[in-house]
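Where a number appears in this text, it was derived from the coordinates with a stated rule and is not lab data. Just so it is clear, the structure is predicted and the values come from calculations on it, not from any experiment. Every residue, glycine among them, receives a Cβ derived from its backbone with ideal geometry; neighbour counts consider all protein chains shown.
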Amino acid sequence: MFKKVLKLFCLMGLAIVLVTGCYQLGNYNSHYLNENKEISECRKVQHILGESCVPIKPQRIIVTDQESLEIAVALGFQPVGAVKANIVGSKERILAKKIENITYLGKESQPNLEKMVKLQPDLILGLGIDGQGYRLYSKIAPTLTFDFNHAAWKKDLRLIAQALNRIEQADKLLFQYENKVKGIQELFKNKLKNTDISVSRFYAGWNFTQFQTPLSFSGSILQEIGFAVPKQQNQLLKQKYSDGTYVTVSKEKMELIDADILFVALDPGSEKNFNKYRNNPLWQTLHVVKNQRVYTVDSGHWIFGSILSANAILDDLLQVLLKKPGI
C-alpha cells in the first residue's frame with residue numbers, strides 16, 4: 001500500500017515535469033523519440049494501459065521499479081537504466097554483479113526524464129505505471145506496464161516474460177523455485193503446521209511497525225510452504241483486515257508480532273525505530289524474544305519482490321531453521 005501511495009506523489013512531480021520535460025523532449029534530438037523512430041521488428045503486446053509494439057529483441061531496457069528490474073535480470077536481460085527504491089531496501093545484494101553497468105535514474109517516485117532520453121531506450125518497462133507517466137514515457141520509447149501484485153508475483157513474472165518472449169525462461173525459474181519449496185516442505189514436514197512465523201517491517205523515521213499478512217509478498221511465500229500464521233494475527237485479520245497486505249502495530253500492541261519465529265525486515269535507516277521497540281519493556285515479554293528467535297533481514301527482498309527475492313527468502317529461512325538462535 002505504501003508503495004502505491006508513494007507513487008501517487010509522482011503525479012505532482014510529473015505535472016511539473018510535463019511542462020519542462022516535454023519542452024526538453026521536444027527540443028532534444030528528435031530521433032530519440034519513439035514517434036520519430038522506426039522499429040524494424042516488433043511484437044504488439046497488450047497491457048493494462050493499451051497496446052505497445054515491443055522490439056523482438058530489446059537491447060536497451062529501462063525499468064521504472066525495483067521489481068521490474070529483478071524480473072528483467074532474472075529473464076536474462078541487462079537493463080541500461082533503473083530507479084532506486086523510495087523507502088525499502090535495495091535489491092543490489094541479490095542482483096550481485098548483474099547490474100554493474102546500469103545507470104540509476106533517481107528515486108522510483110520521480111525518475112530523471114532527461115537521463116532516460118539520453119540512454120536511448122528501445123523499451124520502458126514497469127509495474128503500476130500510471131496513465132500520466134505512461135503517456136510521457138511512450139514519447140521516449142515503447143512502454144509496457146502491468147498491475148503490481150504482492151502475493152500474485154508469479155503472475156507478474158509470467159506476464160512480463162510473455163511480453164518479452166521469455167516464457168520458457170520464466171517457467172524454468174518457477175519450476176526450480178517450486179522444487180526448492182518442496183524440498184523445504186519435506187525437510188520440515190513435521191514442524192510446519194506447529195511453527196508460526198511473523199514478519200515485521202520497520203521504517204526510518206516512523207514510530208511504528210507492522211506485520212505482513214498472507215496477502216503480502218513474504219507472507220504468501222510462508223503460506224505456500226505451509227507455516228502457520230500467529231493466532232493473534234489470524235484473529236485480527238478475520239475481524240478487520242481481510243484484504244490488506246500489512247497491519248500497523250504500535251509499541252503498545254507489540255504482542256501482535258509475537259510468534260515462534262520473528263523476521264524483522266529493516267528499511268535503510270530504520271535501526272533507531274527498531275531499537276525503540278527493543279528497549280521497550282513489553283519487548284522482553286514476547287515469547288519469541290525470550291526464546292531468542294528474532295532475526296533481522298533485508299527489506300529489499302522481504303517486502304516486495306519476484307523470483308529472485310522469493311529464492312532469497314527461502315535461503316534466509318533455511319539458514320534460520322537449520323542454525324542457531326537469533327538476537
| task | Give the percent of DSSP beta bridges with both residues in the chain that are antiparallel, rounded to the nearest 5. | result | 35 percent
| request: Mind telling me which of S299, S200, S52 comes out most flexible in a GNM of the chain, alpha-carbon contacts under 10 Å? | output: S52
| Given +1 on the Cβ of Lys and Arg, -1 on the Cβ of Asp and Glu, and no further charges, what dipole in debye does the chain carry about its Cα centre, rounded to the nearest 20? | 560 debye
| query | Assigning unit charges at the beta carbon (Lys, Arg +1; Asp, Glu -1) and nothing else, what dipole magnitude in debye, to the nearest 20, does segment 37-189 show about its Cα centre? | reply | 240 debye
| request: Sum up the charges of everything whose Cβ sits under 10 Å from the Cβ of V289, counting Lys and Arg as +1 and Asp and Glu as -1, but leave V289 out. | output: +2
| Net charge contributed by nearby residues that have their C-beta within less than 13 Å of F274 (K/R +1, D/E -1) | +3
| remark: Hydrophobic long helices for the chain, i.e. whole DSSP H runs reaching 24 angstrom or more by Cα along the axis with Kyte-Doolittle mean at least 1.0, come out as 2-27
| query | What residue among E92, E224, E186 has the largest mean-square fluctuation in a Gaussian network model of the chain, using Cα springs under 10 Å? | reply | E186
| Percent of beta bridges antiparallel (DSSP, segment 178-322, rounded to nearest 5) | 35 percent
| query | What does the charge add up to near P230, with Lys and Arg as +1, Asp and Glu as -1, over the other residues with Cβ less than 14 Å from its Cβ? | reply | +1
| request: Taking the dipole about the Cα centre of the chain, with the C-beta of Lys and Arg at +1 and of Asp and Glu at -1, give me whichever of L174, L286, Q132 is farthest to the positive side. | output: L286
| request: Just report the Cα centroid separation between segment 211-283 and segment 302-316, whole Å. | output: 17 Å
| field | Highest-fluctuation residue, G300, G128, G183 considered, GNM on the chain with Cα pairs under 10 Å | value | G183
| remark: Looking only at lysines whose Cα falls under 21 Å of K182's and that sit 8 or more positions away or on another chain, we get K154, K155, K172, K191, K193, K323
| said: Helix-only estimate, please: 222 nm mean residue ellipticity of the chain, summing -39500 (n - 2.57) across DSSP H runs of length 4 or more and dividing by its residues, to the nearest 500. | reply: -12000 deg cm²/dmol
